[in-house]
Amino acid sequence: MAKPTYKRILLKVSGEVLAGDQSFGIEMANLDATARQVVNAAKAGVQIAIVPGGGNIIRGVSAAAGGADRVTADMMGTLGTVINALALSSEIARQGVKSKVFSATTMPSVADTYTARAAKAALDDGFVIVLGGGTGNPFFTTDTAAALRAIELDCDVLLKGTKVDGVYTEDPKKNPKATRYETVSYDEVIARNLKVMDTAAFALARDNGLPILVYALDDKEGLMGVLSGKVRSTLVGTPRK
């Protein structure tokens, strides 16, 4: 097995990945496969923090568009991310790697309350940590939460798995002639409105020198393939030294 390039990473997992072919909820086969990739990387010595989305449960923006109060809708979405965090952490532990859930929204009977200090200590103690609750505030996406947590936890890189193998000049499913970037700057991604993550997440990463790797989730080499440089991906920004 190739040696991973990065020691500490943050992995953004969308709710849609956990849903699989279902329109709602968690597909157990997808939960198992996602956890297995994480477990393999953790056993290779990588410290891993995960930020899950909640779109498979409820998406705050969509609920607000349907007439719900935006603040209430976003907090509903926040609870969806905690459900996904609990599911992921439980499956990771079942597969043999200790895991701990933190929540940005205080709910002590469900998860530890997130602080960067406690989360770093858990990483150093060998836990895979799963960070539910987004940023704990409405109007911020889980992409932004992922960038924020990666910076707070001194992660080497933020990984964003998607349905394509990197960042393209256009949506390759709509335009087969779109070309893939090997590397691209934060400013170009923002200026061209390349919607791999939201603008706030890219701006936060840019201002703090956090590199982002965008790759295809369904690549057969999995997360370890990405971390060892065997999987096609796009690097946004520059590697940390």
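The values are calculated or read from the model by the stated rules, or taken from the named source; none is laboratory data. Everything numeric here is computed off the predicted structure, so don't read it as measured data. All Cβ positions, even for glycine, are placed from backbone atoms using ideal geometry, and neighbour counts span all protein chains on display. Surface accessibility is based on the protein's heavy atoms, side chains included, excluding ligands, DNA and RNA. Shrake-Rupley method; radii C 1.70, N 1.55, O 1.52, S 1.80 Å.
Of the set (1) β-branched (Val, Ile, Thr); (2) assigned to a loop (DSSP other than H, G, I, E, B); (3) under 25 Å from residue 114 (Cβ atoms), all apply to residue 231 but (3). Assess whether residue 135 counts as being over 27 Å from residue 45 (Cβ atoms), open to solvent by less than 50 Å² (accessible area, probe 1.4 Å) and in a loop (DSSP other than H, G, I, E, B). Answer is yes for this residue. Taking the range 115-124 only, how many residues are free of Cβ contacts under 8 Å to residues at least 24 places away in the same chain and either crowded, with 20+ Cβ neighbours inside 10 Å or of a type outside the set (S, T, N, Q) (or both)? Number of matching residues: 4. Taking the range 11-55 as the range and being open to solvent by 10 Å² or more (accessible area, probe 1.4 Å), without any contact (Cβ under 8 Å) to a residue 40 or more places away in the chain and among the aliphatic types (A, V, I, L, M) as the test, the residues that pass are 28, 29, 33.
Can we say residue 172 is open to solvent by 20 Å² or more (accessible area, probe 1.4 Å), assigned to a loop (DSSP other than H, G, I, E, B) and over 26 Å from residue 83 (Cβ atoms)? Talk me through it step by step, then tell me what you get.
Working: open to solvent by 20 Å² or more (accessible area, probe 1.4 Å): yes; assigned to a loop (DSSP other than H, G, I, E, B): yes; over 26 Å from residue 83 (Cβ atoms): yes.
So residue 172 fits the description; yes.
The set of residues from the range 97-112 being open to solvent by 60 Å² or more (accessible area, probe 1.4 Å) and either part of a loop (DSSP other than H, G, I, E, B) or under 19 Å from residue 37 (Cβ atoms) (or both) comprises 98, 100, 106, 108, 109, 110.
Sort out which residues of the range 183-203 are surrounded by fewer than 20 Cβ atoms within 10 Å (Cβ to Cβ), among the hydrophobic types (A, V, I, L, M, F, W, C) and not in a helix (DSSP H, G or I), and write them in order of number.
Taking the range 183-203 and keeping what is surrounded by fewer than 20 Cβ atoms within 10 Å (Cβ to Cβ), we get 183, 185, 187-188, 190-193, 195-196, 198-200, 203.
Applying the additional criterion that residues be among the hydrophobic types (A, V, I, L, M, F, W, C) yields 190-191, 196, 200, 203.
196 - this is the single residue of the range 183-203 that is surrounded by fewer than 20 Cβ atoms within 10 Å (Cβ to Cβ), among the hydrophobic types (A, V, I, L, M, F, W, C) and not in a helix (DSSP H, G or I).
For first residues located in the range 135-153 and on the phi > 0 side of the Ramachandran plot and in contact (Cβ under 8 Å) with a residue 40 or more places away in the chain, partners that are crowded, with 21+ Cβ neighbours inside 10 Å and part of a helix (DSSP H, G or I) and lie 6+ apart or on another chain with Cβ distances below 7 Å form the pairs 139/74.
Restricting attention to the range 204-223, the residues that are at pLDDT 95 or above, of a type in the set (Gly, Ala, Ser) and either surrounded by fewer than 16 Cβ atoms within 10 Å (Cβ to Cβ) or within 26 Å of residue 174 (Cα to Cα) (or both) total 1.
Does residue 157 count as crowded, with 18+ Cβ neighbours inside 10 Å and either polar (S, T, N, Q) or in contact (Cβ under 8 Å) with a residue 60 or more places away in the chain (or both)? Before you say what the answer is, go through the steps one by one.
Values: crowded, with 18+ Cβ neighbours inside 10 Å: yes; either polar (S, T, N, Q) or in contact (Cβ under 8 Å) with a residue 60 or more places away in the chain (or both): yes.
Against the criterion (crowded, with 18+ Cβ neighbours inside 10 Å and either polar (S, T, N, Q) or in contact (Cβ under 8 Å) with a residue 60 or more places away in the chain (or both)), residue 157 qualifies.
The lone criterion from (1) farther than 24 Å from residue 91 by Cβ; (2) assigned to a loop (DSSP other than H, G, I, E, B); (3) aliphatic (A, V, I, L, M) left unmet by residue 151 is number (2).
Run down 97, 13, 17, 46 and say which single residue is within 21 Å of residue 133 (Cβ to Cβ) and at pLDDT 90 or above. So that I can check it myself, show each step before the final result.
Values: 97 fails: within 21 Å of residue 133 (Cβ to Cβ); 17 fails: at pLDDT 90 or above; 46 fails: within 21 Å of residue 133 (Cβ to Cβ).
Among 97, 13, 17, 46, only 13 is within 21 Å of residue 133 (Cβ to Cβ) and at pLDDT 90 or above.
Residue count for the range 56-72 under the criterion of being buried (at least 19 other Cβ atoms within 10 Å of the Cβ) and at pLDDT 90 or above: the result is 2.
In the set (1) in contact with an Asp or Glu (Cβ under 8 Å, 6 or more places away or on another chain); (2) open to solvent by 30 Å² or more (accessible area, probe 1.4 Å); (3) within 23 Å of residue 48 (Cα to Cα), residue 180 fails one condition alone, (3).
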